[in-house]
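The values are calculated or read from the model by the stated rules, or taken from the named source; none is laboratory data. Computed from a predicted model, the values in this text were never measured in an experiment. Methodologically, a virtual Cβ is constructed for each residue, glycine included, from the backbone with ideal geometry; neighbour enumeration extends over all protein chains shown.
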Amino acid sequence: MTTDTIVSVASNFGFTLAAPIDPAGIDCKTTVRADCERCKAYGHSWVCPPACGEIDECAARVHSYPHGVVVQTTGQLEDEFDGEGMMETARLHGEHFREFYLHLRETYKGDAMLALGAGGCNKCPKCTYPDSPCLFPDEQQSSMEAYGMLIAEVCKDNGVPYYHGRSTITYVSCYLFK
């Protein structure tokens, strides 16, 4: 499947926008990763730091993929305090992301694809980390932030709009391919 085909097919899965990105130009920053330490999932999930790997390991993994696609789901909010609208858009984006991931997995097996979502994993009610192996290792998806990516910068550097106007919220994920 070509990158252009993947971009075209993404709209069938409910994304507001899909565009190609160049993984080689992605800067995985320790400053972004440091923000993870304030999250309740830090140190409690296989897909979050520190379990997802050191920042240099994550950067090497990202840069090993020659092709990428960023996907966005943008929701309209009643106002900037519309928590329900934010949560609904996040839910929709997560649903779109997982469905498209399963579709792409039919073609891209094993490490031929790296899917990085918006936020951590919520597949299990409680993650087995660090006591037992992940129950679904083939479905693990770290977040772009866990890999040190500044989302606005990834979008800007690849000519992808990120801000879609007042009273909107946009969730962003990416798929990287070999």
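Specify the residue that is nearest to Phe15 (Cα to Cα); the eligible residues are those in the stretch 60-104 that are in contact with a Gly (Cβ under 8 Å, 6 or more places away or on another chain) and surrounded by 20 or more Cβ atoms within 10 Å (Cβ to Cβ).
Result: Thr73.
Can you report the number of residues in the stretch 38-72 which are of a type in the set (Val, Ile, Thr) and more than 17 Å from Met149 (Cβ to Cβ)?
Within the stretch 38-72, residues that are of a type in the set (Val, Ile, Thr) and more than 17 Å from Met149 (Cβ to Cβ) number 0.
List the number of the failed condition for Val172; all other conditions in (1) assigned to a loop (DSSP other than H, G, I, E, B); (2) over 12 Å from Ser45 (Cα atoms); (3) of a type in the set (A, V, I, L, M) hold.
Looking at each condition in turn, Val172 falls short on (1).
Find all pairs meeting these conditions: Cβ atoms under 6 angstrom apart; at least six residues apart or on different chains; first residue within the stretch 22-37 and closer than 9 Å to Val154 by Cα and touching a residue at least 24 places away in the same chain (Cβ under 8 Å); second residue surrounded by fewer than 17 Cβ atoms within 10 Å (Cβ to Cβ) and acidic (Asp, Glu).
Gly25/Asp157
Taking the options Tyr162, Tyr171, Tyr129, name whichever one is farther than 18 Å from Thr3 by Cα, modelled with pLDDT under 95 and in contact with a helix residue (DSSP H, G or I) (Cβ under 9 Å, 6 or more places away or on another chain).
The match here is Tyr162.
Considering each residue of the stretch 124-164, count those that are over 20 Å from Cys58 (Cβ atoms) and surrounded by 14 or more Cβ atoms within 10 Å (Cβ to Cβ), and give that number.
Here the count works out to 3.
For Tyr42, work out the one condition from (1) exposed (fewer than 13 other Cβ atoms within 10 Å of the Cβ); (2) free of Cβ contacts under 8 Å to residues at least 60 places away in the same chain it doesn't fulfil.
Going through the list (1) exposed (fewer than 13 other Cβ atoms within 10 Å of the Cβ); (2) free of Cβ contacts under 8 Å to residues at least 60 places away in the same chain, Tyr42 breaks only (1).
Restricting to the stretch 147-173, name every residue that is of a type outside the set (A, V, I, L, M) and more than 15 Å from Thr74 (Cα to Cα).
Tyr147, Gly148, Glu153, Lys156, Asp157, Asn158, Gly159
What residue, of Gly94, Gly83, is at pLDDT below 95 and under 25 Å from Lys178 (Cα atoms)? Give the derivation first.
Numbers: Gly83 fails: under 25 Å from Lys178 (Cα atoms).
After applying the criteria, what remains is Gly94.
Name the helices (runs of 4 or more DSSP H) wholly inside the stretch 1-120 in which the number of residues that are within 15 Å of the chain's Cα centre (by Cα) and of a type in the set (D, E, K, R) is 1 or more. Spell out the reasoning first.
On the way: elements: 3-10, 30-35, 55-63, 83-105.
In the stretch 1-120, the matching helices (runs of 4 or more DSSP H) lie at 30-35, 55-63, 83-105.
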